[in-house]
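Participant: I'd like to ask some things about the structure below.
The values are calculated or read from the model by the stated rules, or taken from the named source; none is laboratory data. Just so it is clear, the model here is predicted, and its values are computed rather than measured. So basically every Cβ, Gly included, is an ideal-geometry build from the backbone, and we count neighbours across all protein chains shown.
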Amino acid sequence: MKTLLFFLFATFVSTINCVAQKEISIQSIATEQEYSAMDATEKKLVNYVNASIGALKCANLHETTKKQMATISLSLKGGILDNNIVISDYENVPESAQSCLICGVGSGLKCFRKIRTQLGNGPIVVTVELNGDCVHVSW
């Protein structure tokens, strides 16, 4: 438990440090009204996508030549350690994957509802990529 708390604290401090280095606007991709209308799983997915966007923006500050992506894994029945975000160098997303493009606050509700309905109660694995000012989400 102490290791988990330390990891969460270290992640928070590094994000604050990243934002302090350069002005980065990190805002939710869901409006307050949309967020309050979502169920617990959709809210969890929004929170993880927001965290992925922030991490990818911070990674881009270091001007790496490789494109990066975030892979989110959410377990609806497992414990907290079954949920994670992995930032890695870009790999091609399979052509069979379904996707949506979220541009701006409030444009992701349909996307999250679609992910939720198609994946049901099973584990959710989502890939997040920055595409200019938009976010490409595939599952």
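Participant: Being within 12 Å of the chain's Cα centre (by Cα) and either of a type in the set (Ser, Thr, Tyr) or crowded, with 18+ Cβ neighbours inside 10 Å (or both) narrows it down to one of Ser88, Ser52, so name that one. Explain how you work it out, then say what you get.
Facilitator: Working: Ser88 fails: within 12 Å of the chain's Cα centre (by Cα).
Of Ser88, Ser52, the one residue that is within 12 Å of the chain's Cα centre (by Cα) and either of a type in the set (Ser, Thr, Tyr) or crowded, with 18+ Cβ neighbours inside 10 Å (or both) is Ser52.
Participant: Which numbered condition in (1) closer than 20 Å to Thr117 by Cα; (2) at pLDDT 90 or above; (3) part of a helix (DSSP H, G or I) is the only one that Lys44 fails?
Facilitator: The failed condition is (2).
Participant: Look at Ser107 and say whether it is out of contact with any Asp or Glu (no Cβ under 9 Å at 6 or more places or on another chain), under 27 Å from Glu32 (Cα atoms), assigned to a loop (DSSP other than H, G, I, E, B) and modelled with pLDDT under 90. Before the answer, list the steps.
Facilitator: Values: out of contact with any Asp or Glu (no Cβ under 9 Å at 6 or more places or on another chain): yes; under 27 Å from Glu32 (Cα atoms): yes; assigned to a loop (DSSP other than H, G, I, E, B): yes; modelled with pLDDT under 90: yes.
For Ser107, the condition - out of contact with any Asp or Glu (no Cβ under 9 Å at 6 or more places or on another chain), under 27 Å from Glu32 (Cα atoms), assigned to a loop (DSSP other than H, G, I, E, B) and modelled with pLDDT under 90 - is met.
Participant: Any idea how many residues of the range 110-139 are in a strand (DSSP E or B) and acidic (Asp, Glu)?
Facilitator: Residues of the range 110-139 that are in a strand (DSSP E or B), as a first pass: 124-131, 134-138.
Narrowing the set further to residues that are acidic (Asp, Glu) leaves 129.
Residues flagged as in a strand (DSSP E or B) and acidic (Asp, Glu) within the range 110-139 amount to 1.
Participant: Need pairs with beta-carbon distance below 7 Å; first residue under 12 Å from Val137 (Cβ atoms) and within the range 39-56, second in a helix (DSSP H, G or I); sequence gap 6+ or separate chains.
Facilitator: Listed pairs, sorted by first residue: Leu45/Phe112; Leu45/Ile115; Val46/Tyr35; Val46/Phe112.
Participant: Of all the residues that make up the range 115-137, how many are without any contact (Cβ under 8 Å) to a residue 40 or more places away in the chain and either crowded, with 21+ Cβ neighbours inside 10 Å or within 19 Å of Ser28 (Cβ to Cβ) (or both)? Explain how you work it out, then say what you get.
Facilitator: Here is the first cut: in the range 115-137, the ones without any contact (Cβ under 8 Å) to a residue 40 or more places away in the chain are 117-120, 131-134, 136.
This time we only want the ones that are either crowded, with 21+ Cβ neighbours inside 10 Å or within 19 Å of Ser28 (Cβ to Cβ) (or both), so: 131-134, 136.
So the count comes out to 5.
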